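The values are calculated or read from the model by the stated rules, or taken from the named source; none is laboratory data. Please read these numbers as outputs of a predicted model, since none were measured by experiment. Backbone-built Cβ (ideal geometry, glycine too); neighbour counts: all protein chains shown.
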Amino acid sequence: MAAAADVPFTPDLHLRLLLSIDRGHNVQRAVRAAVAPGARVLDAGTGSGLLAMIAAGAGAGHVVAVDRHHVTLARTVAAHNGLADRITFHEADLAALGPADLGGRFDVLIAMIHTNHPLIDEERSRLVLDLRHRFGTPDCVVIPGEVRYQATGCERLDWDLATELTDLDQAGEALRGAYGRDFGPLVDAVRHGVAMRGARPAKAVAHAWRSPTRSGALRFPRGDVRLLTAAHDWVSFDYQAATFPGFPDEVRLVATTAGRLTGVIWTQQLRYAGQPLWTSESYSPLATARLVDEGQEVTLLTGDRWRATNILSHHQPT
């Protein structure tokens, strides 16, 4: 089964995240609240090193910061801020490490590794819980402590899956006419990623480093979507739980107004101590748009096909 493409965390993207000022302030407050004097802190996926530095400044006894990339840059930033002796950096994959490799277990786990895309973040949530079990003390505090998902049926007005696929077929015909060759495999490879690329608000990826917002949320402009259902509480993951349930295999929505249902907006909220840290939206199109009436219930499948393609299909009653 194909997987959603992961996000390459480049220096540009790290700068972009830092410039989401309100998001940074929210997480900063959570770290300061969680870190008791002398606590051992693990910053999993440290990125630019910001949260490791905040933990050190909050009185942590020692901070261990781990990432697979750009650790030299994060170490340089920490040294530049006079914190070289308070933070130990490791360039490594945490999946290959154990507590003994990092000097013991931790009182606080900072795991801001979510990508604002549920098809990637399901496995990242599973990883957060695994990290707490493997590296945390029995009372280990996790930031974020919870991630919640809501689903809202909508008509998306700025982008349509069927239109893009039709245009793609026409592009394949144009190539055949221009070159006398069948580029079907190339067109199919592009087709496979169409719904994935349509998942994020376009303005969110318009620039490599410039933050699209200073607020604590990333949403589709409401001029681009027409909401047809209320927000449905789909699933929550508690990072203090013993096991990870994963996503349900379906979502049920009830139309609050009539319209043409083209897909679902997923709202992901990262939370700590009952307060939101960051709220983001992503979009999954329906394989076939559907007309709905007010009060009509629609069940959409969120199983393997959705995970592989980002395309939702209708549940067919038996």
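Before moving on, here are some points about what is shown:
- Residue ID - modelled with the lowest pLDDT, chosen from residues in the stretch 277-299 that are in contact with a Gly (Cβ under 9 Å, 6 or more places away or on another chain) and of a type in the set (S, T, N, Q): Thr279
- If you go through the stretch 200-210 and pick out every residue that is surrounded by 18 or more Cβ atoms within 10 Å (Cβ to Cβ) and either at pLDDT below 60 or assigned to a helix (DSSP H, G or I) (or both), you end up with 1.
- Thr262 meets the stated requirement of being modelled with pLDDT of 95 or more and either outside the structural domain of Ser125 (by TED's automatic domain parsing) or crowded, with 16+ Cβ neighbours inside 10 Å (or both).
- Flag for Arg176 being more than 15 Å from the chain's Cα centre (by Cα) and over 30 Å from Arg16 (Cα atoms): yes
- Condition check for Gln240: modelled with pLDDT under 95 and either among the aliphatic types (A, V, I, L, M) or part of a loop (DSSP other than H, G, I, E, B) (or both): no
- Conditions (1) touching a Ser or Thr at 6+ places or on another chain (Cβ under 6 Å); (2) surrounded by fewer than 20 Cβ atoms within 10 Å (Cβ to Cβ); number of the one not met by Gln150: (2)
- Candidates in the stretch 74-96 are the residues that are of a type in the set (A, V, I, L, M, F, W, C) and surrounded by 15 or more Cβ atoms within 10 Å (Cβ to Cβ); of these, the one that is nearest to Ile265 (Cα to Cα) is Leu94.
- Pair list, Cβ < 8 Å and 6+ apart or interchain, from the stretch 217-239 residues that are of a type in the set (Phe, Trp, Tyr) to residues that are surrounded by fewer than 18 Cβ atoms within 10 Å (Cβ to Cβ) and assigned to a loop (DSSP other than H, G, I, E, B): Trp234/Pro248; Phe237/Phe244; Phe237/Pro245
- Whichever residue in the stretch 121-140 is in contact with a His (Cβ under 8 Å, 6 or more places away or on another chain) and not hydroxyl-bearing (Ser, Thr, Tyr) and, among such residues, is nearest to Ala199 (Cα to Cα): Asp121
- Hey, Pro248 more than 22 Å from His25 (Cα to Cα) and modelled with pLDDT under 95 or not: no
- On the stretch given as the stretch 214-235, residues that are at pLDDT 95 or above and not hydrophobic (A, V, I, L, M, F, W, C) total 4.
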